[in-house]
Amino acid sequence: MSTRKDYPTDLSDQQWERLQGLLPQKRTPPERAREYINASLYILRTGCSWRMLPHDFPNFETVKTYFHKLRRDGTWERIHHALREQVREENGREREPSLLIIDSQSVKTTEKGGRAAMTGARR
């Protein structure tokens, strides 16, 4: 476990238990993987650049490489789908949604067309 002070974006132990089994079981030790995930969540939540990652996280280049590796191999998408299914099931719903609603909005456009619609305002 890390010796640094926790950030609000860090995974709780319960969240980590749920997520850990969804990560690829390769060379990255679980403790390091958790720190890489916590650092990635910090970046995503705060919107800071990779280089602005606080120094008490692992090196930003390592975190960035780990994040992009999980994106390329589809891990983030698999995590999203698995967690969605778990949450739906815990709430007494089917694992997969049976209905999809797409909301769209119509935007009224000008009735003028061509060059007249593109001329600037007159004084």
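Each reported figure results from applying straightforward, stated rules to the coordinates on display, with no laboratory input. Because the structure is a prediction, the values reported are computed rather than measured. Cβ: placed from backbone, ideal geometry, glycine included. Neighbour counts: every protein chain shown.
Rounding to the nearest 20 debye, state how big the charge dipole of the chain is about its Cα centre with +1 on each Lys and Arg Cβ and -1 on each Asp and Glu Cβ.
920
Tell me, 87, 107, 63 in order of fewest to most beta-carbon neighbours within 10 Å?
Fewest to most other Cβ atoms nearby, the residues stand as 107, 87, 63.
What is the helix-to-structure angle for 75-90, meaning the angle in degrees between its Cα long axis and the longest Cα principal axis of the chain, kept from 0 to 90 and rounded to the nearest 10?
90
Just rank 85, 96, fewest to most, by other beta-carbon atoms within 10 angstrom.
96, 85
Based on other C-beta atoms within 10 Å, arrange 100, 11, 44, 70 from fewest to most.
100, 44, 11, 70
Nearest 10 degrees is fine. How inclined is helix 30-46 to the longest principal axis of the chain, computing both from alpha carbons?
Between helix and principal axis, roughly 30 degrees.
Please turn the phi angles of the stretch 15-29 into ³J(HN,Hα) values with the Karplus equation 6.51 cos²θ - 1.76 cosθ + 1.60 (θ = phi - 60°), one per residue in order, whole Hz, x for glycine and proline.
Going residue by residue, I get 5, 5, 4, 5, 7, 4, x, 8, 7, x, 8, 10, 6, 6, x Hz, with x marking Gly and Pro.
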